[in-house]
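The values are calculated or read from the model by the stated rules, or taken from the named source; none is laboratory data. Note that the coordinates shown come from a computational prediction; the quantities given were computed from them, not determined experimentally. Reconstructed Cβ throughout: ideal geometry from the backbone, glycine too, with neighbour counts over all protein chains shown.
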């Protein structure tokens, strides 16, 4: 018998991500990934006991790649220096301390990521079976919590924002939840984020 190919979990995930990128989430299966990796189906099952586990990691990798540049800039410090130089959020033109500018960049980043992945990514996600969808949504929720935290850090770092206004309906967590949910809704509808949101943020938060 010949030697069995040795393959890591990350390599398996990479192959799964490539399938989802080029063919859509509907084409993702344990057998398809095994074929792409040139290994037996059982080898993939050793790393991913269920298809749901695999889908969850693919979704997690998508959002990680989609948002890593902007989140690094929101966190500042060393993370910002190591952000992907191709990301608009890591460019020299990005206004590090301007919350509204950050929101604008983040919105563009999400839209570009969806275009580069597959135009039907969100539809494919919604079309998953109930068990797979529940797991994918949990992974999304974890990624989105990180995004909300990044938005809040960007808001709190903006010196031009009037701190006295950040109460009640304009409390930082409520503002950031609204901004992110509005961005996601626009992405799901394949529409650019309305400039009205940015104008309202300027009027509501700044002196």
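Only one entry in 140, 156 is without any contact (Cβ under 8 Å) to a residue 24 or more places away in the chain, assigned by TED's automatic domain parsing to the domain that holds residue 56 and out of contact with any strand residue (DSSP E or B) (no Cβ under 8 Å at 6 or more places or on another chain), namely 156. Whether any residue in region 71-81 is within 22 Å of the chain's Cα centre (by Cα), surrounded by 14 or more Cβ atoms within 10 Å (Cβ to Cβ) and modelled with pLDDT of 85 or more is what I want to check. No - not one qualifying residue is present in region 71-81. Please indicate, with yes or no, whether at least one residue in region 134-148 is modelled with pLDDT under 75, in a helix (DSSP H, G or I) and touching a helix residue (DSSP H, G or I) at 6+ places or on another chain (Cβ under 8 Å). Checked region 134-148: at least one residue is modelled with pLDDT under 75, in a helix (DSSP H, G or I) and touching a helix residue (DSSP H, G or I) at 6+ places or on another chain (Cβ under 8 Å). Residues that are in a loop (DSSP other than H, G, I, E, B) and modelled with pLDDT under 75 were ranked within region 90-118; the one that is surrounded by the fewest Cβ atoms within 10 Å (Cβ to Cβ) is 92. Residues in region 159-178: is at least one touching a residue at least 60 places away in the same chain (Cβ under 8 Å), in the same structural domain as residue 113 (by TED's automatic domain parsing), assigned to a loop (DSSP other than H, G, I, E, B) and more than 17 Å from the chain's Cα centre (by Cα)? Yes: region 159-178 contains one or more residues that are touching a residue at least 60 places away in the same chain (Cβ under 8 Å), in the same structural domain as residue 113 (by TED's automatic domain parsing), assigned to a loop (DSSP other than H, G, I, E, B) and more than 17 Å from the chain's Cα centre (by Cα). Quick check, is residue 67 touching a residue at least 40 places away in the same chain (Cβ under 8 Å), in the same structural domain as residue 142 (by TED's automatic domain parsing) and under 21 Å from the mean Cα position of the chain (by Cα)? So residue 67 fits the description; yes.
Of all the numbered requirements in (1) at pLDDT 75 or above; (2) assigned to a helix (DSSP H, G or I); (3) touching a helix residue (DSSP H, G or I) at 6+ places or on another chain (Cβ under 9 Å), residue 192 misses one, and that requirement is (2). Being at pLDDT below 80 and within 30 Å of residue 205 (Cα to Cα): is that true of residue 156 here? Answer is no for this residue.
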